[in-house]
Every structure is written in C-alpha cells, then in structure tokens.
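Participant: What follows is a structure written as structure tokens; I'll ask about it next.
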Amino acid sequence: MVEVAALVGDTARATMLSALMGGQSLTGSELAFLARISRPTASEHLSKMVDARLISVTKKRSYRYYQIASPLVASMLEAMKLVAALEVPQRYHPRSARHNALRLGRTCYDHLAGRLGVAIADSLIACGCVVLGQDGGDVTDAGAKVLRKFGVELSRTRQSKRIFCRPCLDWSERRYHIAGHIGAEIQRRCMELNWLIRVNGTRAVQVTTAGEIGLRDTFGLDTPSLQIDPPAVRTGT
C-alpha cells in the first residue's frame, strides 16, 4: 500500500494517471505536456508506473502509447477521487467552465460519469431495465431487449475478468452511475453513434445534436436540462 500510495501521490504522476482515466491511450509527450514537465522527466515517471503495473505501454512504429493497466487500477484511482470528494474536508475551489464540463459528463475509465452517466442509470432503473444495489447490479430480461436494440453487446469473452454490471458512486453527483461491462458498452455505443464527443485535453464529453435526439429517444433524457449554469463573472465597480 505504501509503494502504490507513493507512486500515485506525486503531483506529476497523479496528473498523468488522471489523464489516462479518460480511457484513451496517450503518448509520453502528450502526458508530459498535461503534467507540465519535461519529456525526460515524464519518461522516468512513466517507467516507474509501468514497472509497478499501474499503467501499460504499447509500441506502434516509433511511438509508445500508455494506458491504465486494468479496470482494477482504474477502480482504485476513482475510489481515491471519491474519498477526496466525500471524506476529506472541502477546500474552496472557484468553479470554472472546465469543472462544469466534467460535472456534466465525463469518462470514468471506460464508462460514463457525471450528470449524464447518472441520468442514464436513473432512466434504466426507472424503466426496470437495470437493477443496482450497493454490492452489484444486473440487467433484466426487458433491459436485455432494450440494450440489444441500442447496440450493446451483452455477452463477454471468456478471457474477460470484468464484472458484468455494477454501481459506481459518482464523486461529483454523489449518486450511482453504471460501470462494469454494461457501462463500458453503453459508452462505446454512444461514442460509436457520435452522440458524444471527447473534449480535447480533458475527460469531459460533449453531447452532439444527434446525441440530444438519440439520448432522448433511447433513454428519455432531456440533455439541455442537465446543463450546469456557468460560473458567475465578477465585474468591477
């Protein structure tokens, strides 16, 4: 625990891990830029995290792409964020457009979080498609039909160790969104249909015009109502 905590506790490494929690594979140069450190320094940090199996690396031509090593590591990092949000005494942080965008909708490793993720979970629970409890979740027979029609692949490969469906407590909304195989498939399908697009340099996702229609027709969501009011701008006197 001490070794892992020491690795995650460094500001630069924590910043790079947070960036990788968006689910995308990033190069060392991209991670160095996000962490605001030099490329050689980033390489040292990344090498330590690869050795500790917190992240993995894939070589393609002359590039190295880094990603979170496993869903277990992603769950640990999200749990740390949750503890910081719920248990640690709050400090004042001015709201920003970036913060509001993350609260509205973001990727939580491989599934959707924020108001959007919670709203999808609420919709599937309300219509009896998904059942969530504190310890796990499941898809009903009616839910299987709805999700298959949406394009979700319900079956998993034999090699997959991922939990089929589970609740994930959202650190910003303090309510559950859907994780596990089902959560990952819902995010995959939303991205595939171009209902959501990633916001560059952040974990935030943005709902497209096609997404507003699709999310309304499929999940009954009124996405404009999920928007968060922009932070107030102070004016001088």
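Participant: What are the pairs with Cβ atoms under 9 angstrom where one residue, in segment 187-207, is part of a helix (DSSP H, G or I) and the other, located anywhere, is among the small types (G, A, S)? Sequence gap at least six, or different chains.
Facilitator: Partner pairs satisfying both residue conditions: Q187/G23; Q187/G117; R188/G151; R189/G151; C190/G211; C190/G214; E192/G151.
Participant: Also: Quick one: R174 ticks every box in (1) surrounded by fewer than 18 Cβ atoms within 10 Å (Cβ to Cβ); (2) farther than 21 Å from A79 by Cβ bar one, so which box is it?
Facilitator: (2)
Participant: Sort out which residues of segment 169-187 are more than 12 Å from the chain's Cα centre (by Cα) and charged (D, E, K, R), and write them in order of number.
Facilitator: The answer is E173, R174, R175, E185.
Participant: Right, something else. For segment 108-184, which strands (runs of 3 or more DSSP E) that fit wholly inside it have 3 or more residues that are touching a residue at least 12 places away in the same chain (Cβ under 8 Å)?
Facilitator: Per the criteria, 111-113, 137-139, 166-169, 176-179.
Participant: Just one of (1) out of contact with any strand residue (DSSP E or B) (no Cβ under 7 Å at 6 or more places or on another chain); (2) open to solvent by 40 Å² or more (accessible area, probe 1.4 Å); (3) in a helix (DSSP H, G or I) trips up P89, so point out which.
Facilitator: (3)
Participant: So how many residues does segment 52-73 have that are among the aliphatic types (A, V, I, L, M), assigned to a helix (DSSP H, G or I) and surrounded by 15 or more Cβ atoms within 10 Å (Cβ to Cβ)?
Facilitator: 1
The values are calculated or read from the model by the stated rules, or taken from the named source; none is laboratory data. These figures come from a predicted structure and were not determined experimentally. Counting neighbours? That spans all protein chains shown, and the Cβs are built from the backbone with ideal geometry, glycine included. Note: areas computed on protein heavy atoms with side chains; ligands, DNA, RNA excluded. Shrake-Rupley method; radii C 1.70, N 1.55, O 1.52, S 1.80 Å.
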